[in-house]
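To start, the structure under review is shown below, and the notes come after it.
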Amino acid sequence: MTPDRILPTCLLFFAVGAPAAAQEQGFLWAAGPVAEAQRAHFVSILWWMAVVTVPLLIGLPLILWRYRLNGGGGRYRRDWGASPLAEVAIWSVPVVVVGFLAWNLWHATLSLDPYRPLGPDPLEVQAIAAEGHFLFLYPDEGIVTVDRLLLDADRTARLKLTSVDVLRSVMVPRLAGQIYAMPGMTTELNLAAFAPGTYAGLNTQYSGPLFPEERFETEALPETNWHARIEATRDGAGPLPPDVLQRIAMGDGAEAYLAADADLFARIAAPSSHGAHR
Amino acid sequence: MIGLFLGTLRWDDVTFVEFWRTPDLNNAIAAAAAGLLVLGVVATLILLTVRGWWRPLWRDWLTSLDHKKIGIMYVALALVMFARAVAEANVMRAHQATAALDAGLVAPDHFAELFSTHGTIMIFLVAMPLLTGIMNFVMPLQIGARDVSFPLLNAISLMLTAAAAGLVMVSLVLGHFSTGGWSGYPPYTGADISPGEGPDYWIWALTLSSIGSTLTGMNFAVTLYKRRVQGMHLFRMPLFCWTVLCTSILMIFAMAPLTLATLMLWLDRHAGFHFFTVGSGGDMMNFANLFWLFGHPEVYILILPAFGVWSEVFSTFSGKRLFGYLSLVYATMAIAVLSFTVWLHHFFTMGQSANVNAAFGIATMLIGVPTGVKVYDWLLTMMFGRVRLRVPMLFANYFLVTFLLGGVTGVLLANPTVDYGVHNSLFLVAHFHNMLIPGTLFAMLAAIHLWFPKAFGFRLHEGWGRAVFWLMAPGFLLAFMPLYAMGMMGGMRRTAYFSDPLFRPWLWAAEAGAVLILAGFAALVVQIVVSVRRRDALAVPAGDPWDGRSLEWLGPAPAFEFNFAGEPKVEDVDAFTALKAQGEAYRRQETYEDIEMPRNSAVPVVIGALAGLAAFAMVWQAWATAALAFAGVWAVVIGRSFVRDTERTIPAAEVEAAHRAWLADVAAATPVHRRDELTPENRGLAEEPL
Amino acid sequence: MSDVRHPGLNLGTTDSPVHDAAEETVFGFWVLMMSDLALFAVLFATYAAMSVHGIAGGPAPVEIFDLKSTLWQTLALLASSFTFGMAALALKYDDDRRALSLWLGATFVLGALFLGLEARDWARMVTEHGATPQVSGFLSIFYLLTGTHFVHVAAGLLWMLVMAAQLAIFGLDGAVKLRLMRLAIYWHLLDVVWVAIFSFVFLSGLAP
Ligand code: HEM
Ligand SMILES: [Cu+2]
Ligand SMILES: [Cu+2]
């Protein structure tokens, strides 16, 4: 365990008094550069906030003890209601802390802008969130996968997101996220993994009775395996039927398709005139 | 023809009929809840009839325009609604703890209905009426006023809120409530996906309650500007009044976007408009903006009065002047102003540019500054004091500690970088409950303990009060700390079942916490019953059980109907403390004057009933009924404007008699040391501190 | 003579008890109007977004607005504000109920004229351009914004009728005066809102 992990783990420990590290699912167990930046930012805020919170945690029991009604030894000054020195400290410490935090916030937010690709030549994927399922379209590879996102672990990926009917939100907690997928609109999300592996992905926005099922697997494969996998998928897949969404919803969809229909994503994301909203 | 009056309402919509047709566990739970409601109503009606309480209920309460009684009715309404909402929370928790995959107690749609009603009720029909009730009761007394500026409007606000509560209650028995959460985002709540009556229940309940809140905000702001007694400058107002002022101003401006958002949603649903629909130029992002343009100030509407209560509690139970009064005033105003500039943090993930997110993130964190200032001002209020850990003070100190955690997680969420990872997760649920339970709810419980004697003439039983605290305080931690953890592990809100078995122990812990909170609520009910039984031993007729500092403690407990016999003198922030120190608190008056008070009126009840009927009819698309009821509301308003004889005079002799009777009580009471304030010796007269 | 100030008609010199009472009631009404203005502000903000992004292939503002008709509506409403001003003077200086009633009557007629013109304008948009609110997001917000103002004006007319009845029954007593003062604030604010609609919706919608 790196020192940086101690604080959040302690927080979890404090939360229920039991070690929780067994469940490596959230962004605290980062497996990609975006999630790692989120984790580091999270931890740095905790340290900064300690400047404001720790004095109170120490001072409160002391004051309660010293100034208790029965037997407290502290002096009683009924009319003590102002102290310029204390007031200056009370205002300036949080101002300074928030100042630093604001500086941090600005840089972290801009550097993780989901509209800026993480690296050169990203893998382009279009994701369509539908009732109970996710469709991933790979325009350059000409295939479609259902509920499974195939990433090349040596390349960053750039997802374009949309949703079929209601608002959804796409996240792969250990890699990156989340960003809303909205019907009639396109948004973007960057994904990248430090190492090959399988990472859970999900919709986080309530969308109806099937909401708890709206999950997908993200498989980050070493480059050569990835190419082989794409080839194999292409070989095994049939053409994309026009009513693919209905079929999947009925439960008789396949795991992958050939994307003859290059416009599927554009059509679903079309109704809005403004596209990505920047 | 019948359709015009009954709309789409059918037999099958009755929850019991639904259960009759499909008798499964899910429908059984729904029918049981509906049955409890019906039983409760019937039992209440029988009780009122058997005891002959109809007349006093009507004469002394429902038609009363007295701000104190209106305040008490608000609190009573809130407690009833709390019983339902906290029970629902328990059902949700029990369901999640037992549900692996599809099973569990309730069907997924029913689960969605539960979190929607729970959230809607807790915000609009528990937290809002609780704090409106406390503000109503306390604020006019604290500024030395006889009533609010517009007593009739005050009662109308109450009745509109009650109508909203009635509407949500009816949804238990007739049809279903929305499944779209308390925030009701389209397109999910649009006509295509949610065609039923659910979202309409949500829309009209919110409309009724937000009209009530707008009127309340106006009424309180004007009262604070225009009804302060001579000598009570703005900067001599107790801090609680400052928070009431800021909250009122927020209410005046924040409710409009909500009313519009829900109106637009209704037009989309039923008139084919395109505000939020996909296509034809509609844009659901408009809804997010409008809703949170209301929603964020709303959060501060909920927390500012709590800050006010904590300020009163810390200084009263430390026997000391509030530290940093000016700081606290400016911090409150800063929070109120900033609260209009941060709404976008509720959807950092909607795909706007990074610059916009960063700007709103920083604006959000700025609120941390005045908030941090407040915390330290409260800490220093206890310093050099004589701190007594009575029930309100237990809650206050618990709040101080838990609020730190809520503040830290709030700052975390203000960072888009972090929010991307925990938005929509149980981490967020834990954060806002962290603010709403130790913040708002516990503040209101503390307020009830603090001011109960002034309302009813006797203290609440301290032992049972501690039981409430010792059940609720660990209950909150147990219920919500696991949610922080689960949220960081990828557990999302509004999830009916977690298929990951690793969540199971955390869910059971959360369930245990929810049970403790429910038990705490039960203890509160017991406490009230016990206190009523022992009211003689707990009585504080002289009116000042806690060695209070502001004007509301001047006068007997319960308070005079007309609040003050004469005009109290104000020369300090702690006006009552100053009066006591000068020996002027319990002086006879040379002369007494006639006092004009508003006459009782049935108008608010009728308006509430008609508005509730109109809303109910709108839910079921019974247009004729809705139109008639709506016209009825305005007919009553216009009719009332022709009534001239709205005031009643309390003759000077009566005022004098009441005042003398109180002074006799004071004379009969022995002053008590703070050490003995929990004993029956405490008749409401405080010993001069040395 | 009182030095009370509030945002309504100043009756300090002519009827100081009513003036003092107005301190609270008129101020309260003014505050209530602030929340009404917040409502309009949000409507305007939504209009600003949707009149650009929400046209969705339906008619655009330039195609359906008719400056001339709108100008007449504006003039009618502005004139009604003037006549209400005259009514207020009558209220303040002489207990001349006839003049007051006449000016109020004129205000009522002008207000009704405004409503008629606006309704005619809407009818024209619907019949000539098929521009119903169901066509596009832009038209939805257009009708909601102008419709909300329309309903406010209609409510103002109803209020005037009620005041006419009260004048007849009670004469010009304190309560009636206070209500007329509040009606005046209401009416002038609606005028202000309309001027905003006129410039922000119609003029800028027609600007090239
Ligand atoms: C008293 C103990 C309480 C318990 C055990 C409790 C429990 C819960 C649970 C289980 C949820 C659903 C979480 C999810 O979506 O997964 C929830 C949601 C919520 N609660 Fe509470 N709650 C409590 C008190 C309160 C209070 C006092 C308030 C407000 C004053 C409140 C406001 C909300 C809101 C606004 C939601 C969100 C509803 C939505 O998702 O639309 N709760 N609560
Ligand atoms: Cu968009
Ligand atoms: Cu917020």
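The values are calculated or read from the model by the stated rules, or taken from the named source; none is laboratory data. Computed from a predicted structure; not experimentally measured. Here the Cβ positions follow ideal geometry from the backbone for every residue, glycine too, while neighbour counts run over all protein chains shown.
When the residues of the stretch C:32-81 are filtered to those that are under 17 Å from C:L115 (Cα atoms) and outside any helix (DSSP H, G or I), the one that is farthest from the other protein chains (Cβ to nearest Cβ) is C:D66.
With respect to the conditions (1) of a type outside the set (D, E, K, R); (2) surrounded by fewer than 19 Cβ atoms within 10 Å (Cβ to Cβ); (3) under 30 Å from B:T649 (Cβ atoms); (4) modelled with pLDDT under 95, B:A581 falls short on a single one, namely (3).
Within the stretch C:158-175, residues that are facing chain B (nearest Cβ under 9 Å) sit with their Cβ atoms under 8 Å from residues that are outside any helix (DSSP H, G or I) and basic (K, R), at 6+ positions apart or across chains, in these pairs: C:F170/B:R644; C:A175/B:R644. Of the set (1) closer than 18 Å to B:V666 by Cβ; (2) part of a loop (DSSP other than H, G, I, E, B), all apply to B:F576 but (2). Candidates in the stretch B:16-52 are the residues that are among the hydroxyl-bearing types (S, T, Y) and modelled with pLDDT of 95 or more; of these, the one that is surrounded by the fewest Cβ atoms within 10 Å (Cβ to Cβ) is B:T49.
The residues on offer are A:L105, A:L112, A:L64, A:L57, and the sole one that is aliphatic (A, V, I, L, M), at the interface with chain B (Cβ under 9 Å from one of its Cβ atoms) and surrounded by fewer than 13 Cβ atoms within 10 Å (Cβ to Cβ) is A:L57. Just checking, does the stretch B:353-373 include any residue being within 16 Å of ligand 1 (Cβ to nearest atom) and at pLDDT 95 or above? For the stretch B:353-373, residues within 16 Å of ligand 1 (Cβ to nearest atom) and at pLDDT 95 or above: absent. Suppose the filter is among the aromatic types (F, W, Y) and more than 17 Å from the chain's Cα centre (by Cα); does B:F275 pass it? Here the answer is yes, as B:F275 does meet what is asked.
The rows are residues; the columns are (1) within 16 Å of ligand 2 (Cβ to nearest atom); (2) modelled with pLDDT of 95 or more.
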| position | (1), (2) |
| --- | --- |
| B:P257 | no, yes |
| B:F275 | yes, yes |
| B:M284 | yes, no |
| B:E298 | no, yes |
| B:L304 | no, yes |
| B:V329 | no, yes |
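Give the residue, chosen from B:S116, B:S64, that is of a type in the set (S, T, Y), outside any helix (DSSP H, G or I) and in contact (Cβ under 8 Å) with a residue 60 or more places away in the chain. Among B:S116, B:S64, only B:S64 is of a type in the set (S, T, Y), outside any helix (DSSP H, G or I) and in contact (Cβ under 8 Å) with a residue 60 or more places away in the chain. Only one of the numbered conditions (1) more than 9 Å from every other protein chain (Cβ to nearest Cβ); (2) touching a residue at least 24 places away in the same chain (Cβ under 8 Å); (3) touching a strand residue (DSSP E or B) at 6+ places or on another chain (Cβ under 6 Å) is violated by A:T198, and that is (2). Of all the criteria given as (1) in contact with a strand residue (DSSP E or B) (Cβ under 6 Å, 6 or more places away or on another chain); (2) away from chain A (no Cβ under 13 Å); (3) small (G, A, S), the one not satisfied by B:S425 is (2).
Here is a yes/no grid of residues against (1) among the β-branched types (V, I, T); (2) surrounded by 21 or more Cβ atoms within 10 Å (Cβ to Cβ); (3) under 23 Å from C:A184 (Cβ atoms); (4) within 14 Å of chain B (Cβ to nearest Cβ):
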residue: C:G8; (1), (2), (3), (4): no, yes, yes, yes
residue: C:A22; (1), (2), (3), (4): no, yes, yes, yes
residue: C:T25; (1), (2), (3), (4): yes, yes, yes, yes
residue: C:W30; (1), (2), (3), (4): no, no, yes, yes
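Being within 14 Å of another protein chain (Cβ to nearest Cβ) and in a helix (DSSP H, G or I) is not true of B:L445. Taken as a whole, the condition of being within 16 Å of ligand 3 (Cβ to nearest atom), buried (at least 22 other Cβ atoms within 10 Å of the Cβ) and at pLDDT 95 or above does not apply to B:A396. Here the condition is being of a type outside the set (V, I, T) and farther than 30 Å from C:M163 by Cβ; of B:A627, B:A667, B:A631, B:A635, it holds for B:A667 alone.
Scanning the stretch B:160-200 for residues that are of a type outside the set (V, I, T), within 21 Å of B:V17 (Cα to Cα) and part of a loop (DSSP other than H, G, I, E, B) gives B:G175, B:H176, B:F177, B:S178, B:P195, B:G196, B:E197.
Residue-by-condition table, conditions (1) within 25 Å of C:M50 (Cβ to Cβ); (2) within 11 Å of another protein chain (Cβ to nearest Cβ):
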residue	(1), (2)
B:L206	yes, no
B:T223	no, yes
B:K226	no, yes
B:Q230	no, no
B:R236	no, no
B:T243	no, no
B:A256	yes, yes
B:T277	yes, yes
B:G281	yes, yes
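In the set B:A94, B:A112, B:A127, only one residue is under 26 Å from B:T495 (Cβ atoms) and modelled with pLDDT under 95; that residue is B:A94.
Residues in the stretch B:31-77 that are over 15 Å from B:A162 (Cβ atoms) and β-branched (V, I, T): 5 in all.
Output the residues belonging to the stretch A:231-253 that are of a type in the set (S, T, N, Q) and closer than 14 Å to A:V144 by Cα. Passing the criteria: only A:T233. Is it the case that some residue within the stretch B:231-254 is within 30 Å of A:G184 (Cβ to Cβ) and part of a helix (DSSP H, G or I)? Yes.
Out of the stretch A:115-127, which residues are more than 9 Å from chain B (Cβ to nearest Cβ) and either surrounded by 16 or more Cβ atoms within 10 Å (Cβ to Cβ) or in a loop (DSSP other than H, G, I, E, B) (or both)?
A:P117, A:L118, A:G119, A:P120, A:D121, A:P122, A:L123, A:V125, A:Q126, A:A127
Filtering the stretch C:107-144 to residues that are part of a helix (DSSP H, G or I) and small (G, A, S) leaves C:G111, C:A112, C:G116, C:A119, C:A123, C:G137, C:S140. Figure legend. Inter-residue proximity from the stretch C:187-201: first residues under 20 Å from C:A106 (Cα atoms), second residues of a type in the set (G, A, S) and assigned to a helix (DSSP H, G or I), beta-carbon distance below 7 Å, spacing 6+ or different chains. Indicated pairs: C:W187/C:S81; C:W187/C:G156; C:H188/C:S81; C:L190/C:G156; C:D191/C:S81.
Within the stretch A:178-195, restricting attention to residues that are among the β-branched types (V, I, T) and at the interface with chain B (Cβ under 7 Å from one of its Cβ atoms), which residue is nearest to ligand 2 (Cβ to nearest atom)?
Among those that are among the β-branched types (V, I, T) and at the interface with chain B (Cβ under 7 Å from one of its Cβ atoms), it is A:T187.
Annotation for the stretch B:319-335: at least one member residue is closer than 18 Å to A:V98 by Cα and within 16 Å of ligand 3 (Cβ to nearest atom).
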